[in-house]
1. Taking Arg219 as meeting all but one of (1) part of a strand (DSSP E or B); (2) of a type outside the set (Gly, Ala, Ser); (3) surrounded by fewer than 17 Cβ atoms within 10 Å (Cβ to Cβ), write down the number of the exception.
2. Kindly list the number of the only condition in (1) open to solvent by 60 Å² or more (accessible area, probe 1.4 Å); (2) in contact (Cβ under 8 Å) with a residue 40 or more places away in the chain; (3) among the hydroxyl-bearing types (Ser, Thr, Tyr) that fails for Ser192.
3. Given the structure, is Gly204 under 22 Å from Pro30 (Cα atoms), surrounded by fewer than 15 Cβ atoms within 10 Å (Cβ to Cβ) and small (Gly, Ala, Ser)?
4. Name, by its number, the condition in (1) modelled with pLDDT of 80 or more; (2) exposed (fewer than 14 other Cβ atoms within 10 Å of the Cβ); (3) not hydrophobic (A, V, I, L, M, F, W, C) that does not hold for Lys291.
5. Take Thr152 and decide whether it is surrounded by 14 or more Cβ atoms within 10 Å (Cβ to Cβ), modelled with pLDDT under 75 and not in a strand (DSSP E or B).
6. Tally time: how many residues in the range 69-99 are surrounded by fewer than 22 Cβ atoms within 10 Å (Cβ to Cβ) and either among the hydroxyl-bearing types (Ser, Thr, Tyr) or closer than 13 Å to Pro318 by Cα (or both)?
7. For the range 273-299, which residues satisfy the criterion of being out of contact with any helix residue (DSSP H, G or I) (no Cβ under 9 Å at 6 or more places or on another chain) and charged (D, E, K, R)?
8. When the range 63-78 is examined, which residues are found to be among the hydroxyl-bearing types (Ser, Thr, Tyr), modelled with pLDDT of 95 or more and out of contact with any helix residue (DSSP H, G or I) (no Cβ under 7 Å at 6 or more places or on another chain)?
Amino acid sequence: MPVMALWAACLPAQDLHLSQLFANPLYLNPAFAGTSGCGRISLGYRNQWPNIGGGFSLATVSYDQYIKALHGGIGAYVNADFQGGGTYREITAAFMYAFQARLSRKLFLSLSVQGGYSNRYVDWQSLTFPDQYDPYLGLVQGRPTQENLPNTPLSRHYADVGVGALLYGEHFYAGFSALHIARPDVGFMGESRLDVRYSAQVGGKIYFRRTFDERRDERDISLSPNIVYTQQGRFSELNYGLYANLWPVVVGVWFRQSFSNPDAVIFLFGGDFKGVRIAYSYDLTVSRLTKSGGSHEVSLGFRLPCPRKRVAEREIEPVPCPRF
């Protein structure tokens with residue numbers, strides 16, 4: 001996997017994808033900040049292609065909260081991306097504000113701006129190169145490379161900016177985000193501009209039975225169809241799937257693909273227990289990487305205390321999107 005770390009460091013960069021898109025809504029679209037009604041804290045971990053040496057792993061933590069005095073929501077997240085057994089890593093922190101407005105009795109708009117800061121690191125001495133391999137013996141331990149490498153690890157720091165918008169009602173939502181809009185230079189040994197990541201999201205909830213009080217909420221039995229499209233440079237990705245909410249249990253299935261190749265079928269099982277959300281998903285790879293071991297992802301979410309008075313006084317209703 002060290003060679004793959006070099007590949008990731010030298011070619012134009014792309015953001016990693018997640019399977020539990022709505023367990024990390026701020027990473028998907030900053031306009032989701034503060035749209036859950038009450039405050040929330042989310043944690044996640046993804047282990048991608050565990051059967052490939054080194055592999056990819058990603059850890060996330062986020063927080064967001066609606067604040068009436070600001071007429072909107074605030075949020076922040078920190079992502080840690082590791083590749084090649086730690087040969088390459090990237091740490092990103094971002095903060096966002098989302099102005100939220102009621103357009104009509106049951107129609108709402110959220111407009112957000114995001115600022116972030118990232119650090120990319122690569123340990124060149126941990127990489128291997130073609131001239132260190134023998135055609136018959138493979139990698140020859142101790143054979144030096146003729147590549148002109150730095151003597152110390154390289155580190156790159158850069159600032160970042162993004163925007164997002166979200167329109168939603170009682171039964172639907174539609175969102176759009178554009179991240180890395182300043183196209184920061186992320187190259188180590190030459191200029192390499194990060195492509196803008198565009199994402200469109202659409203979905204909603206189909207309610208079948210009102211289980212508790214008169215207000216529709218996440219405890220009601222429902223189906224939630226969703227489509228998420230992402231474009232970054234020449235890379236495109238389409239996710240579409242369906243969740244079934246049988247409170248407190250949620251099950252879901254997604255399919256991820258580009259326009260030319262299938263990638264994975266994603267199975268999810270989760271639950272909400274007294275304000276704590278737990279979910280596990282598995283990516284069943286259907287591309288040529290079937291022996292990669294797929295991908296495992298877990299998420300843990302906490303709903304912060306939300307007094308009934310605050311719920312009754314809030315100006316904005318929660319967005320009807322999945323919780324995972």
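1. Of everything listed in (1) part of a strand (DSSP E or B); (2) of a type outside the set (Gly, Ala, Ser); (3) surrounded by fewer than 17 Cβ atoms within 10 Å (Cβ to Cβ), Arg219 misses just condition (1).
2. (1)
3. Details: under 22 Å from Pro30 (Cα atoms): yes; surrounded by fewer than 15 Cβ atoms within 10 Å (Cβ to Cβ): no; small (Gly, Ala, Ser): yes.
Taking the combined requirement at face value, the residue does not satisfy it.
4. (1)
5. Details: surrounded by 14 or more Cβ atoms within 10 Å (Cβ to Cβ): no; modelled with pLDDT under 75: yes; not in a strand (DSSP E or B): yes.
When the stated conditions are applied, Thr152 does not pass them.
6. Final tally of qualifying residues: 2.
7. Lys274, Asp283, Arg288, Lys291 - these are the residues of the range 273-299 that are out of contact with any helix residue (DSSP H, G or I) (no Cβ under 9 Å at 6 or more places or on another chain) and charged (D, E, K, R).
8. Of all residues in the range 63-78, those among the hydroxyl-bearing types (Ser, Thr, Tyr) come to 63, 66, 77.
Then keep just the ones that are modelled with pLDDT of 95 or more; that gives 63, 77.
The answer is Tyr63, and nothing else.
The values are calculated or read from the model by the stated rules, or taken from the named source; none is laboratory data. Just so it is clear, the model here is predicted, and its values are computed rather than measured. Heads up, the Cβs are rebuilt from the backbone with ideal geometry, glycines too, and the neighbour counts pull from every protein chain shown. Side chains included, ligands, DNA and RNA excluded: accessible areas come from the protein's heavy atoms. Shrake-Rupley method; radii C 1.70, N 1.55, O 1.52, S 1.80 Å.
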